[in-house]
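Colleague: Here it is, the structure in full.
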Amino acid sequence: MADLNDLQKLLDRAAREIPEKALIAIEVEGKNFIQMNFENEGFTDSVLEKWKERKTTDDQGRDITRYRTNRRGKRGNLNKYGSGIQDRALLTGLATGGNKLRNSIKSRVMKSSKQVRFYTSKEYADRHNEGLAGMPKRQFMGKSRYLDKQIAKKITKELDKILK
């Protein structure tokens with residue numbers, strides 16, 4: 001009988017602790033996932049889907065990153081726009097310091113409703129994430145099978161610790 005009692009105690013403990021640990025796992029893995037998407041410059045659902053590159057030509061197909069004449073700079077050299085985007089990650093503003101979209105993503109765990117919310121104060125985040133108002137879609141947060149697997153692994157690991 002003692003073994004059955006011990007098993008019931010373990011199950012009761014797991015039922016108490018797992019909901020809170022699951023919320024923490026979702027928050028941590030969600031933040032890691034969003035940062036990974038910024039580092040990879042793409043969104044991972046089951047495979048990585050790279051973001052569309054910045055536009056470097058105008059409507060006539062001319063290069064907008066280089067001087068076309070010697071009037072302002074040397075013809076063929078990078079202009080101010082070209083040198084500003086050269087080697088800069090997508091969705092990263094020029095001279096923004098730490099005030100970048102990737103650093104503005106916050107999360108909030110709401111234990112009463114058993115939810116984790118990810119949000120940002122940047123007004124233009126939806127435009128990039130959803131591809132609104134002529135902007136190409138460069139999704140960095142949303143439903144993902146990869147994220148679901150990561151969360152499931154973390155919760156399984158926590159459950160294994162409790163049931164040991």
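The values are calculated or read from the model by the stated rules, or taken from the named source; none is laboratory data. From a predicted model like this one, the values you see are computed outputs, not experimental measurements. Virtual Cβ from ideal backbone geometry, glycine too; neighbours counted across all protein chains shown.
Colleague: Which numbered condition in (1) out of contact with any Leu (no Cβ under 9 Å at 6 or more places or on another chain); (2) at pLDDT below 90 is the only one that Gly131 fails?
Modeller: (2)
Colleague: Conditions first: (1) touching a helix residue (DSSP H, G or I) at 6+ places or on another chain (Cβ under 7 Å); (2) in a helix (DSSP H, G or I). Arg127 passes all but one, so which condition is the exception?
Modeller: Arg127 satisfies all of (1) touching a helix residue (DSSP H, G or I) at 6+ places or on another chain (Cβ under 7 Å); (2) in a helix (DSSP H, G or I) except (1).
Colleague: Which of the residues belonging to the range 77-95 are out of contact with any His (no Cβ under 8 Å at 6 or more places or on another chain), surrounded by 11 or more Cβ atoms within 10 Å (Cβ to Cβ) and either in a loop (DSSP other than H, G, I, E, B) or not assigned by the TED database to the domain that holds Asp58 (or both)?
Modeller: Asn77, Asn79, Arg88, Ala89, Leu90, Thr92, Gly93
Colleague: So which residues in the range 26-55 are touching a residue at least 12 places away in the same chain (Cβ under 8 Å), aliphatic (A, V, I, L, M) and surrounded by fewer than 16 Cβ atoms within 10 Å (Cβ to Cβ), if there are any at all?
Modeller: Matches in the range 26-55: Val28 only.
Colleague: For Tyr81, indicate whether it is of a type in the set (Ser, Thr, Tyr) and farther than 24 Å from Thr44 by Cβ.
Modeller: yes
Colleague: Given the conditions (1) surrounded by 13 or more Cβ atoms within 10 Å (Cβ to Cβ); (2) touching a helix residue (DSSP H, G or I) at 6+ places or on another chain (Cβ under 9 Å); (3) in a loop (DSSP other than H, G, I, E, B); (4) not β-branched (Val, Ile, Thr), report the number of the one that Arg102 does not fulfil.
Modeller: With (1) surrounded by 13 or more Cβ atoms within 10 Å (Cβ to Cβ); (2) touching a helix residue (DSSP H, G or I) at 6+ places or on another chain (Cβ under 9 Å); (3) in a loop (DSSP other than H, G, I, E, B); (4) not β-branched (Val, Ile, Thr) applied to Arg102, the lone miss is (3).
Colleague: Follow-up. Identify the single condition in (1) closer than 30 Å to Ile24 by Cβ; (2) exposed (fewer than 12 other Cβ atoms within 10 Å of the Cβ) that Asp59 does not satisfy, given that it satisfies every other one.
Modeller: The single condition Asp59 does not satisfy is (1).
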